[in-house]
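The values are calculated or read from the model by the stated rules, or taken from the named source; none is laboratory data. Keep in mind that this is a model prediction, so the values were computed, not measured. Because the Cβ atoms are built from the backbone with ideal geometry, glycine has one as well, and the counts that use them run over all protein chains shown. What goes into the accessible areas is simple: the full protein's heavy atoms, side chains included, and nothing from ligands, DNA or RNA. Shrake-Rupley method; radii C 1.70, N 1.55, O 1.52, S 1.80 Å.
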Amino acid sequence: MAVDPRWPLALVRGAVPVGLGLLLWVAMAGGEEERQKTLKAQPGADAASLAQRRRHNELIMAALREAADTDDNVAQRRVPWRK
């Protein structure tokens, strides 16, 4: 059984993009630990800021829930419209 002489070339042409993708993936994954350290060191990553942000998000979600539950046009209400 004879092997077509174009097979080695086809294999190389198919393996090159896969190899380049693997190299890029390794290069990007190598900096992941440093990126995690940088994210943890950012201002606003402490517990007090996270709690404040969480409370703010809860207030926004409560306002959205109230707007969804009512038939009134809440955009026309006067500011401060919270109960």
Checklist entry - Can you name the number of the only condition in (1) of a type outside the set (Asp, Glu); (2) under 25 Å from the mean Cα position of the chain (by Cα); (3) open to solvent by less than 80 Å² (accessible area, probe 1.4 Å) that Val26 fails? => result (3)
Checklist entry - Hey, among the residues in region 29-66 that are small (Gly, Ala, Ser) and surrounded by 10 or more Cβ atoms within 10 Å (Cβ to Cβ), which one's nearest to Arg78 (Cα to Cα)? => result Ala63
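Have a look at Val3, Val74, Val79, Val26 and point out the one that is aliphatic (A, V, I, L, M) and at pLDDT 85 or above. If you could, list the steps in order and put the result at the bottom.
Numbers: Val3 fails: at pLDDT 85 or above; Val74 fails: at pLDDT 85 or above; Val79 fails: at pLDDT 85 or above.
Matching residue, one of Val3, Val74, Val79, Val26: Val26.
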